[in-house]
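Notes for the one structure printed next.
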Amino acid sequence: MASIFTRIINGEIPSYKVAEDENFLAFLDINPLEKGHTLVVPKKEIDYIFDLDDETLQGMIVFAKRVAKKIQAKIACKRVAVVVFGLEVPHAHIHLIPMENEYDVDFRKVQAQIHSGRVRRNSQNDSGIGHTAEHTNH
């Protein structure tokens, strides 16, 4: 069965694209830690990032760098954190999170919001970083 990220890549699930090329897709996280929280995924479905072949991993890092620069140009932040975290989606991915301090990258914040029912979903592209302003559905 295809991962949720593969379904997003295939256009079966809508997303807010930030960047895309023939090998990778960057889209806004549905449960962002901070405004502009973006996921970078390879179009090839591989569960664990270190199971990617070297060429794909190198390309993914370079692609993520381009996306991070785009995020930083649009969202005021000290840095864009690069995080490889999570077991819930069996598809390699990198989180790019605009940050002012280390607390901005605390994934326990999202878990606390989920458990309290206060999840803020990226239901609209208010980050200003997408290459289009509309909600894309491939």
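Quick note: the coordinates plus some simple rules give every number you see, no bench work behind them. Computed from a predicted structure; not experimentally measured. Neighbour counts are summed over all protein chains in view; Cβ atoms, including those assigned to glycine, are modelled from backbone coordinates with ideal geometry.
The local environment of VAL84, defined by Cβ-Cβ distances under 15 Å, has a net charge of -3 under the rule Lys, Arg +1 and Asp, Glu -1.
In summary, the lysines within cross-link reach of LYS17, defined as a Cα separation below 20 angstrom excluding same-chain residues under 8 places away, comprise LYS35, LYS43, LYS44, LYS65, LYS69, LYS70, LYS74. Between LYS43 and ASP21, full extension at 0.36 nm per residue minus the direct alpha carbon distance yields a gain of 7.0 nm. Note: relative contact order over the stretch 1-108, using C-alpha pairs below 8 Å and six or more positions apart, is 28 percent. Positive contributions from Lys and Arg (+1) and negative ones from Asp and Glu (-1), summed over other residues with Cβ under 14 Å from the Cβ of LYS65, come out at +3.
Residue separation of TYR103 and LYS74 scaled by 0.36 nm, minus their Cα-Cα distance, works out to 8.4 nm of gained length.
Taking a sphere under 13 Å around the Cβ of ILE46 and counting the other residues whose Cβ falls inside, with K and R at +1 and D and E at -1, yields a net charge of -4.
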